[in-house]
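S.K.: Structure incoming, see below.
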């Protein structure tokens, strides 16, 4: 029942202080979903012992290099390792031509790559499997950009095992009961579903917002998220720089987190001007105490509730 | 009078054990020449405190990704750091279209990139400045590939200072004497150049050979080099694998070094199958004892003789 985020890189555009560019892996029940793919992705997988064989979908937010320059190397090495399974790349339409330009120079590409262009100007379902649904989150940046909202699928209700024997419920009826049906016994009596089952845990959500200026239009889209990653390239002292480059401050990130009443905020995409990041954490915590300072290799587990 | 090689990455195609893909910097009198540019180049510059502002020429041997995927990130970050000076990329002709495809997505590219296609099938002078001449070294690999030979410029002879006063030599004549002229004194007597000057140190040479199978045609081209880097992807036990992938064994590298009577051999481009590299070193040293095991961050200084 894992729902766990690993940050593989937390640097802004220019890597510094051993922080790699932006890339993350969301592990949902041992299936990996990758979000952005900064330079050095394949090395980070190795550094942190993450098995890229479990990766089937990869989501690219926008075409600034620090968010996708790791793709050619990762794809090449997957090929050299004999991958057979298709990999789907969700991202801006122009991503395909860039990767295809490089593909003739990738030795032994033994698997298919499927390109799936995504809308960047609206909130839309772009992918679903039996574990999650993924929606775009329109961001405001110097080029078109979209974050991603991962929403766990609603699980069925749980059958109370001790009642199966008590009421003599045939096993073939259990799926219907888990889906919400009452049980009608042989004597015609009705056993209500609320008695037979317990409610499922609340589906968990993870919202990824990078790169973006402070944008209140995100608030309703990430409302109540269990975990929000929001870029915090600068602190308030560098607000003019943040506005010029269309990035956020740690305070901006905290304002979104507070308004959206998320459970936890994790920061990242730090400017290379900051060797120590405590100033960013302190700034965000003033407004939103449940803030984590993201770090390369850092993991955030989202528990079931 | 520095002539010093720094290895930034010593991995073969798939990075492993904290070894990054192939990239090197040759420092000749504080001007940097970069050779290949594997993924993570910009991080390695930072890791090892090498200032990329001093880099003006970059030489790409061939278009396998582990030799050039670091270019987009390095170029982007140079731009973000406000570089103004032109950067010249020597490499296979197709490199240009690949980099140009990405350039619209590089923020703030504040400097010019000049692409200089190189021949890969012959030994040819491709660049010279006042410090070095650079020649291609045709390699035999699964795609067209060329190594590089860096040859230090011949310095002028050194004037023996104590003789300037003794013979009353006018300073304006010194450049000619350093270039080899005798000195004809006012009384008509001839002071031979051999007396007035000492010979310059021998120009130093560095030969870079990656990726390639064992190729005896390299021997005359790298004859007597002060330093030879030769790929050693495998050891002899993996010879079938070496032949299939058109790479060399450590023994192959040593055979070239011995036949060419180089001063020193440095190995690299190790397969990800080797965690420990002592087997490769031992194999090469059997044939050629002056062998170094290249490592990420390792430096090899070539002294004047």
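The values are calculated or read from the model by the stated rules, or taken from the named source; none is laboratory data. Small disclaimer: the values here were computed from a predicted structure and weren't measured. Note: ideal-geometry Cβ built from the backbone for every residue, glycine included; neighbour counts use all protein chains shown.
S.K.: Which condition number in (1) within 14 Å of chain B (Cβ to nearest Cβ); (2) part of a strand (DSSP E or B) is the one that residue A:102 fails?
M.R.: (2)
S.K.: Conditions first: (1) within 22 Å of residue A:24 (Cα to Cα); (2) in contact with a helix residue (DSSP H, G or I) (Cβ under 8 Å, 6 or more places away or on another chain); (3) buried (at least 22 other Cβ atoms within 10 Å of the Cβ). Residue A:214 passes all but one, so which condition is the exception?
M.R.: Single failed check for residue A:214: (3).
S.K.: How about the range B:181-210: which of its residues are farther than 30 Å from residue B:269 by Cα, touching a residue at least 24 places away in the same chain (Cβ under 8 Å) and touching a helix residue (DSSP H, G or I) at 6+ places or on another chain (Cβ under 8 Å)?
M.R.: B:191, B:193, B:195, B:196, B:197
S.K.: Applying the selection to the range A:53-62, what residues are buried (at least 20 other Cβ atoms within 10 Å of the Cβ) and either in contact with a helix residue (DSSP H, G or I) (Cβ under 6 Å, 6 or more places away or on another chain) or within 14 Å of another protein chain (Cβ to nearest Cβ) (or both)?
M.R.: Result: A:60, A:61, A:62.
S.K.: Another question about this same structure. For the range B:258-283, how many residues meet the condition of being under 15 Å from residue B:296 (Cα atoms) and in a strand (DSSP E or B)?
M.R.: Within the range B:258-283, residues that are under 15 Å from residue B:296 (Cα atoms) and in a strand (DSSP E or B) number 4.
S.K.: What single numbered condition from (1) in contact with a strand residue (DSSP E or B) (Cβ under 7 Å, 6 or more places away or on another chain); (2) under 30 Å from residue B:225 (Cβ atoms); (3) loosely packed, with under 13 Cβ neighbours inside 10 Å fails to hold for residue B:194?
M.R.: (1)
S.K.: Here is a further query. Right, residue A:172: free of Cβ contacts under 8 Å to residues at least 60 places away in the same chain and assigned to a strand (DSSP E or B) or not?
M.R.: Taking the combined requirement at face value, the residue does not satisfy it.
S.K.: When you scan the range A:222-235, do you find a residue that is at pLDDT below 90, more than 18 Å from residue A:59 (Cα to Cα) and in contact with a strand residue (DSSP E or B) (Cβ under 9 Å, 6 or more places away or on another chain), even just one?
M.R.: No, the range A:222-235 contains no residue that is at pLDDT below 90, more than 18 Å from residue A:59 (Cα to Cα) and in contact with a strand residue (DSSP E or B) (Cβ under 9 Å, 6 or more places away or on another chain).
S.K.: Criterion first (exposed (fewer than 14 other Cβ atoms within 10 Å of the Cβ) and assigned by TED's automatic domain parsing to the domain that holds residue A:211) does residue A:162 satisfy it?
M.R.: So residue A:162 fails the test.
S.K.: All but one of (1) more than 14 Å from every other protein chain (Cβ to nearest Cβ); (2) part of a loop (DSSP other than H, G, I, E, B); (3) surrounded by 17 or more Cβ atoms within 10 Å (Cβ to Cβ) hold for residue A:1, so report the exception by its number.
M.R.: (3)
S.K.: Then there is this: From B:63, B:74, which residue is assigned by TED's automatic domain parsing to the domain that holds residue B:106 and within 21 Å of residue B:208 (Cα to Cα)?
M.R.: Answer to the check: B:63.
S.K.: Would you confirm, using the coordinates I've provided, whether residue A:207 is modelled with pLDDT of 95 or more and assigned to a strand (DSSP E or B)?
M.R.: Here the answer is yes, as residue A:207 does meet what is asked.
S.K.: While we're here: For the range A:12-24, give me each residue that is more than 9 Å from chain B (Cβ to nearest Cβ) and touching a helix residue (DSSP H, G or I) at 6+ places or on another chain (Cβ under 8 Å).
M.R.: Across the range A:12-24, the qualifying residues are A:12, A:22, A:23.
S.K.: Please find, within the range A:159-168, the residue that is nearest to residue A:3 (Cα to Cα) out of those that are in contact (Cβ under 8 Å) with a residue 24 or more places away in the chain and not in a helix (DSSP H, G or I).
M.R.: The extreme case among them is A:159.
S.K.: Which one of these is assigned to a helix (DSSP H, G or I), surrounded by 14 or more Cβ atoms within 10 Å (Cβ to Cβ) and assigned by TED's automatic domain parsing to the domain that holds residue B:35: B:255, B:237?
M.R.: Only one candidate qualifies: B:255.
S.K.: Would it be correct to say that residue A:111 is more than 8 Å from chain B (Cβ to nearest Cβ), touching a helix residue (DSSP H, G or I) at 6+ places or on another chain (Cβ under 8 Å), over 25 Å from residue A:301 (Cα atoms) and in a loop (DSSP other than H, G, I, E, B)?
M.R.: yes
Per-residue answers, yes or no, for (1) within 14 Å of another protein chain (Cβ to nearest Cβ); (2) exposed (fewer than 15 other Cβ atoms within 10 Å of the Cβ); (3) touching a residue at least 60 places away in the same chain (Cβ under 8 Å):
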{"position": "A:78", "(1), (2), (3)": "yes, no, no"}
{"position": "A:106", "(1), (2), (3)": "yes, no, no"}
{"position": "A:118", "(1), (2), (3)": "no, no, no"}
{"position": "A:130", "(1), (2), (3)": "no, yes, no"}
{"position": "A:141", "(1), (2), (3)": "yes, no, yes"}
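S.K.: Hey, could you check the range B:80-99 for residues that are within 10 Å of another protein chain (Cβ to nearest Cβ) and within 30 Å of residue B:121 (Cα to Cα) and say which is modelled with the lowest pLDDT?
M.R.: Among residues in the range B:80-99 that are within 10 Å of another protein chain (Cβ to nearest Cβ) and within 30 Å of residue B:121 (Cα to Cα), the one modelled with the lowest pLDDT is B:98.
S.K.: Conditions first: (1) under 25 Å from residue B:47 (Cβ atoms); (2) within 21 Å of the chain's Cα centre (by Cα); (3) assigned to a helix (DSSP H, G or I). Residue A:296 passes all but one, so which condition is the exception?
M.R.: Failed condition: (3).
S.K.: Right, next: Filter the range A:63-76 for residues that are under 18 Å from residue A:7 (Cα atoms) and within 8 Å of another protein chain (Cβ to nearest Cβ) and give the result.
M.R.: Across the range A:63-76, the qualifying residues are A:65, A:66, A:69, A:70.
S.K.: Just one of A:43, A:34 is within 14 Å of chain B (Cβ to nearest Cβ) and either surrounded by 20 or more Cβ atoms within 10 Å (Cβ to Cβ) or outside any loop (DSSP other than H, G, I, E, B) (or both); which is it?
M.R.: A:43
S.K.: Name, by its number, the condition in (1) in contact (Cβ under 8 Å) with a residue 40 or more places away in the chain; (2) outside any loop (DSSP other than H, G, I, E, B); (3) surrounded by fewer than 12 Cβ atoms within 10 Å (Cβ to Cβ) that does not hold for residue A:146.
M.R.: (3)
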